[in-house]
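Written out below as structure tokens is the structure these notes cover.
The values are calculated or read from the model by the stated rules, or taken from the named source; none is laboratory data. Just so it is clear, the structure is predicted and the values come from calculations on it, not from any experiment. Neighbour counts run over all protein chains shown; Cβ positions are idealised from the backbone, glycine included.
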Amino acid sequence: MAQDKSTGKAIWTRRRRARRVRARDGERQNRRHALTRPYANARDVLPPDLLEAVREHFTGLLWVPSDSGFYEERRRLVLALKERGISTNEVARLAGITPRRVRQIVAERR
């Protein structure tokens with residue numbers, strides 16, 4: 001890193017700034033991938049008889065909610081981390097949710 005000869009302070013060069021921007025963009029990209037949910041083909045997951053029963057009632061994309069205990073546990077985790085003063089973005093990263101959802105959970109508590 002270059003330094004100003006009169007003050008001795010670091011001078012941010014274009015190359016260094018570009019490196020920081022690329023690193024920040026990479027972090028954002030990684031965060032996006034970390035938040036995506038796994039999807040599976042029903043043929044790969046369900047037994048054939050159950051798959052046929054589902055097809056009789058519904059065709060298309062079907063969302064199957066997780067056990068409600070999972071959501072309550074995640075909610076408690078978010079609240080505990082926020083009480084310790086951890087930033088919203090860090091809580092979101094740890095809990096696997098968006099910062100917006102973290103703020104919603106905190107607001108619901110009030």
Val91 passes all but one of the listed conditions (1) in contact with a Leu (Cβ under 6 Å, 6 or more places away or on another chain); (2) in contact (Cβ under 8 Å) with a residue 60 or more places away in the chain; the exception is number (2)
Counting only helices (runs of 4 or more DSSP H) wholly inside segment 7-110, the ones holding at least 1 residues that are modelled with pLDDT of 85 or more are 42-45, 48-57, 68-83, 88-95, 99-109
Those residues of segment 69-86 that are closer than 15 Å to Glu108 by Cβ and not aliphatic (A, V, I, L, M) come to a total of 7
